[in-house]
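The values are calculated or read from the model by the stated rules, or taken from the named source; none is laboratory data. Predicted model, so just to flag it, every value in this text is computed and none were measured. Cβ sites come from the backbone with ideal geometry, for glycine too, and all protein chains shown count toward neighbours. What goes into the accessible areas is simple: the full protein's heavy atoms, side chains included, and nothing from ligands, DNA or RNA. Shrake-Rupley method; radii C 1.70, N 1.55, O 1.52, S 1.80 Å.
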Amino acid sequence: LSGKNGLIGRSWAMVFLSGGYKVKIYDNEPGQASGAITEISRKQLEELQQAKMLRGNLTAAQQLSLLSSHDDLQQALEGAFFVQECVFEDLEAKQTVFHEVENLVTESVILSSSTSCLMPSNVFSCVQNRTRCIISHPVNPPYYVRLVELVPHPETLPAVMDVAYSLMTEVGQAPVRLSKEIDGFALNRVQYAIIAESWRLVQDGVISVKDIDLVMSEGLGMRYAFIGPIETMRLNAPEGKLSKKQSVKTCYCFDYRPPHMTLSMCVQETDCERN
C-alpha cells in the first residue's frame with residue numbers, strides 16, 4: 001500500500017489482511033505509517049474481534065502479524081505484487097506517486113489507484129508501462145461496504161483486470177468491471193442522477209428534504225440493497241409478459257428504457273447478460 005493513510009488506506013489494509021495477505025503501509029511523512037498500524041490494531045481489528053465482526057478466518061493477532069509500516073518506499077515495495085495507492089484526490093500527487101513507484105517495482109506488479117473521480121488515462125499518464133495500471137475504486141469505508149469498481153486504463157491488459165477481480169473477490173469484496181473509462185465511473189454516475197433528481201423535486205416544491213431522504217432510506221434504498229434497477233425492471237415484467245392490467249405504455253421496463261429500445265429488446269438484453 002502506498003499513500004496517505006487515512007480512512008481509505010487503513011480500510012484497504014484491513015481488507016487485504018482479512019484475506020491473509022502481507023500488507024506493507026507506506027507514507028512519505030515519518031510516523032504516519034506506524035500511527036496507522038496503531039489505529040488499525042487497537043481501534044479496529046481488536047474491537048471487531050470482540051464484537052465478532054472481524055472478517056476472514058484469521059484472528060486479529062494473526063492478521064496484525066502480517067502488517068508492517070515503512071517510511072522508505074523502496075523497502076515497502078519489496079516483494080509486492082499489487083500496489084494500492086490511497087493519497088488524497090489530487091491528480092499531480094497521484095501522478096508523482098506512480099512515477100516513483102514504477103521505478104522501484106518489476107513489470108509484473110499491478111499499479112492500482114483508489115481514486116473516486118479521476119480518469120485512469122490522467123492518473124497513470126506519467127507511467128511508462130500502463131498495461132498493468134487499473135483503478136480499484138472502493139466505497140467508503142471499504143471494510144464495511146464491499147463494492148469495488150475496477151476501471152481500466154485504455155492500455156490495461158485483460159489479464160490485469162482478471163487478477164484484480166480475483167484478488168478483490170478472494171478478500172471478500174464485490175468487484176464490478178467497467179469495460180472502459182468514463183467520468184464518474186458507474187457508482188457516482190448513478191449517485192449523481194439520484195442527487196440531481198432529489199434536488200429538483202425539493203426545489204420545485206414537490207417534497208421536503210426530510211421526506212426525499214425517506215424515499216431512499218425507507219424505500220428505494222431498501223429495495224436496491226437486495227436487487228439492482230435492471231433486475232427490478234426484469235421482475236416487473238418477466239420474459240416481457242404483461243399482466244391484464246398492464247400495457248406497453250405503463251410497463252415499468254418500457255417506461256424507463258433508453259429511447260431506442262423496445263420492450264422486447266430490453267428484456268432480451270437483461271436475459272442475455274444474466275444467462
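Accessible surface of the stretch 78-143, 1.4 Å probe: 52 percent of it comes from carbon and sulfur atoms.
For E170 and H99, the difference between the fully extended length at 0.36 nm per residue and the C-alpha to C-alpha distance is 22.7 nm.
The convex hull of the Cα atoms of the stretch 1-84, projected and averaged over all directions, covers 4.8 nm². Taking 0.36 nm per residue of separation and subtracting the Cα-Cα distance, full extension of the segment from N129 to T59 would add 21.4 nm. Among the listed pairs K180/K210; K43/K94; K22/K52; K22/K94; K24/K52; K24/K180, which have their C-alpha atoms separated by more than 32 angstrom in this model? Violating the 32 Å Cα-Cα cut-off are K180/K210.
Which FRET efficiency value, to the nearest 0.05, is calculated for H260 and S198 with the Förster distance at 22 angstrom and r the Cβ-Cβ distance?
For R0 = 22 Å, the calculated efficiency reads 0.20.
Averaged per residue, the stretch 149-216 has 60 square angstrom of accessible surface, using a 1.4 angstrom probe with ligands and nucleic acids left out.
Rounded to the nearest 0.05, what FRET efficiency is calculated for S108 and Q74 with R0 set to 22 Å and r the Cβ-Cβ distance?
Details: r = 17 Å, r/R0 = 0.77.
Using R0 = 22 Å, I get an efficiency of 0.80.
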